[in-house]
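Asker: So that we are looking at the same thing, I have put the structure below in structure tokens.
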Amino acid sequence: MAGDIANPRLWTGADLWTAPVGTALPTNLDAAMTTVPAWKAVGLLSEDGASESRDEDTNDFYAWGGRLIRTTRSKHKRSIKVTCLEDNLVVFGLTNPGSTVATADGVNTRTVKVPKSEKRSFVLEMVDGDIDRRRHIPTGEVTEVGEVTLSESDLQAFELTITIYPGADDSLYVDYDNDPQGAVA
């Protein structure tokens, strides 16, 4: 039987970080994200983890007799969805870009405005035992915020959909990891 039981990944921990577009990453995987002060932790994520989705248009072309001869692809879109469990200033900024917070005499005032488009960089940092992976999204944007429940029986959570924008070379993101199963011989 072919296969290697060391290959499957179960990401037992994760953090989401955000910074302005163009912010450098820490120099290596051993360096904490906090070594670059511009990177801000989003906070606790739900146990559902992160989900990546793809969307694109395809067009099939057939020869006489119904034989498929070619497929074209266009309008490729990639996004990542996470659920944030903390109501902190980073999450507030992601869910309400362009809004403001002020503090005076121990009272915080959050003025929520119509969201403005705000592209950011993101890093999804995941752990599986001794394996660390950083997925760096150089340019993305929170394009959807799920319904937020305010009640005494449900935890308040912020479901964010981050749309990933391709770079000039069509790259969407880069994964950095120390996974020996992924090393090139």
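Asker: Grab the Cα-Cα distance for residue 127 and residue 57, subtract it from 0.36 nm times how many residues apart they are, and report the gain in nm with one decimal. It would help to have the intermediate numbers written out before the result.
Answerer: On the way: separation 70, 0.36 × 70 = 25.20 nm, distance 3.36 nm.
Full extension from residue 127 to residue 57 adds 21.8 nm.
Asker: Then there is this: What does the net charge come to around residue 127 if you take all other residues with beta carbon closer than 11 Å to its beta carbon, with K and R at +1 and D and E at -1? List each step's numbers first, then the result.
Answerer: Values: positive: 9, 133, 134; negative: 15, 125, 128, 130, 132, 177.
Net charge around residue 127: -3.
Asker: Considering every Cα-Cα pair within segment 1-83, what fraction, in whole percent, is farther apart than 20 Å?
Answerer: Working: 2199 of 3403 pairs.
Summing the P(r) tail past 20 Å for segment 1-83 gives 65 percent.
Asker: For an R0 of 35 angstrom, estimate the FRET efficiency from the Cβ-Cβ distance between residue 145 and residue 36 and round to the nearest 0.05. Intermediate values should be presented prior to the final figure.
Answerer: Working: r = 26 Å, r/R0 = 0.75.
Between residue 145 and residue 36 the formula returns 0.85.
Asker: First select every other residue whose beta carbon is under 15 angstrom from the beta carbon of residue 70; then total the charges, Lys and Arg +1, Asp and Glu -1.
Answerer: Working: positive: 67, 73; negative: 57, 60.
Net charge in that neighbourhood comes out at 0.
Asker: Distance from the Cα centre of segment 13-66 to that of segment 93-120, in angstrom?
Answerer: Each part's Cα centre sits 24 Å from the other's.
Asker: For Cα extents along the principal axes in Å, which listed value, (i) 76, 42, 39; (ii) 63, 45, 25; (iii) 71, 31, 24, comes from the coordinates shown?
Answerer: It is the one labelled (i).
Asker: What's the extension gain from residue 14 to residue 117 if we count 0.36 nm per residue and subtract their Cα-Cα distance?
Answerer: Details: separation 103, 0.36 × 103 = 37.08 nm, distance 2.62 nm.
Length gained, residue 14 through residue 117: 34.5 nm.
Asker: What is the diffusion coefficient of segment 76-185 in µm²/s, taking the Kirkwood radius over Cα pairs and the Stokes-Einstein relation at 37 °C with a viscosity of 0.692 mPa s?
Answerer: Answer from the Stokes-Einstein relation: 200 µm²/s.
Asker: Tell me, what is the percent relative contact order of segment 1-149, built from C-alpha pairs under 8 Å that lie six or more residues apart? Walk me through the numbers before you get to the answer.
Answerer: Values: 233 pairs, mean separation 39.0, N = 149.
Worked out over segment 1-149, it gives 26 percent.
Bear in mind these aren't lab numbers, they're just calculated from the coordinates by the rules spelled out. Every value quoted in this text rests on a predicted model; they were computed, and no experiment measured them. Every residue, glycine as well, gets a Cβ built from its backbone with ideal geometry; the counts of neighbours run over all protein chains shown.
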